[in-house]
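The values are calculated or read from the model by the stated rules, or taken from the named source; none is laboratory data. Small disclaimer: the values here were computed from a predicted structure and weren't measured. As a convention, Cβ positions derive from the backbone with ideal geometry for all residues, glycine included, and neighbour counts pool all protein chains shown.
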Amino acid sequence: MKKIFATVATAVALCAAVSVQARPFDAIQKAGSINMGSEGQYAPFNFFKGKTLTGYEIDVAEAVAKKMGLKYEWKAVGFDALLTGLAQDRWDLVIASHGITPEREKAVTFTVPHYCSGGQIVSLSPSIKTAADLAGKVVAVQTGTSYLDHVKKVPGVKEVKNFPTDEAARAALGSKRVDAWVTDRFVAKEMLSKTPKAGFITGDMLFIEQVAAAVSKGNTGLADAYNKAFNELKADGTIGKISQKYFQEDVTCK
Ligand code: ARG
């Protein structure tokens, strides 16, 4: 009896292990379509235009998928759920402005970066522009981001307020519930040009980062295929064109 239980338990454990295996590239090719995950609340990188998910990294991922000879399907979920969803095989690839960090690299495999940027201080006052200016101040950031990690390390910050989306963090600054907001420099640039009357002022960059897509840990077949397709599209000018469309400049890593 005990033995049967043990066998069943092993079988269940095995099934569980198999079902959380990421789809290797040849399985994706056989299916003909890749499942991609993003957030959709981080313009101009990933956002909704009506019901359509769009943005720089959405266009990049779709171009890469096509280059790999694949169709694609999108899932948009909260930023927090994206990387863990890779391990659960809910999607094959995530592209949602994740900076490459040693911490995240323990859990996922990153592709080559599709842009280079970093966290920038945004405030409503010319007296809040540097890391030192954040002392005694309340700072808004999106939960789970590299901005949160870096603001936590700034000495003397009075409080770091977490928001489920970057847009909510921005809104908190807009309504003066916080003294500053730390976000991506290109998100800040877009905000300033779209809402010039909001009075947002950009300050120093707190840190720089390389931003890449992620696949489940060790799924190198898929990462290699993505990298090859991305590098070809970068070389032929496709990525540069997409960048110009959303930023009027080249945001790729030099
Ligand atoms: N670049 C930052 C990070 O690595 C923020 C990413 C936020 N992405 C998003 N889709 N809201 O954590």
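Descriptive notes on the structure:
- Residues that are of a type in the set (Phe, Trp, Tyr) number at least 1 in the following strands (runs of 3 or more DSSP E) confined to region 136-224: 159-163, 180-184, 201-216.
- Of the helices (runs of 4 or more DSSP H) that lie entirely inside region 13-107, not one contains 2 or more residues that are within 11 Å of the ligand (Cβ to nearest atom), of a type in the set (Gly, Ala, Ser) and in contact (Cβ under 8 Å) with a residue 40 or more places away in the chain.
- In region 165-213, residue nearest to the ligand (Cβ to nearest atom) [restricted to those that are under 26 Å from residue 132 (Cβ atoms) and hydroxyl-bearing (Ser, Thr, Tyr)]: 183
- Among the conditions (1) under 16 Å from the mean Cα position of the chain (by Cα); (2) not in a strand (DSSP E or B), residue 231 misses just one, which is (1).
- Among residues of region 238-254, those that are surrounded by 13 or more Cβ atoms within 10 Å (Cβ to Cβ), free of Cβ contacts under 8 Å to residues at least 24 places away in the same chain and under 13 Å from residue 116 (Cβ atoms), counted: 1
- Any hit, region 136-144, residues being within 8 Å of the ligand (Cβ to nearest atom), within 30 Å of residue 65 (Cα to Cα) and surrounded by fewer than 24 Cβ atoms within 10 Å (Cβ to Cβ): yes
- Members of region 171-185 found to be surrounded by fewer than 23 Cβ atoms within 10 Å (Cβ to Cβ) and within 18 Å of residue 79 (Cα to Cα), listed by number: 171
- Residue match in region 218-237 (condition: under 17 Å from residue 123 (Cβ atoms), surrounded by fewer than 20 Cβ atoms within 10 Å (Cβ to Cβ) and touching a Phe, Trp or Tyr at 6+ places or on another chain (Cβ under 9 Å)): no
- Qualifying residue in region 170-183 (condition: at pLDDT below 95 and aliphatic (A, V, I, L, M)): no
- Residue in region 166-182 that is among the acidic types (Asp, Glu) and touching a Phe, Trp or Tyr at 6+ places or on another chain (Cβ under 6 Å) present: yes
- Filtering region 55-100 to residues that are among the hydroxyl-bearing types (Ser, Thr, Tyr) and under 22 Å from residue 228 (Cα atoms) leaves 56, 72, 97.
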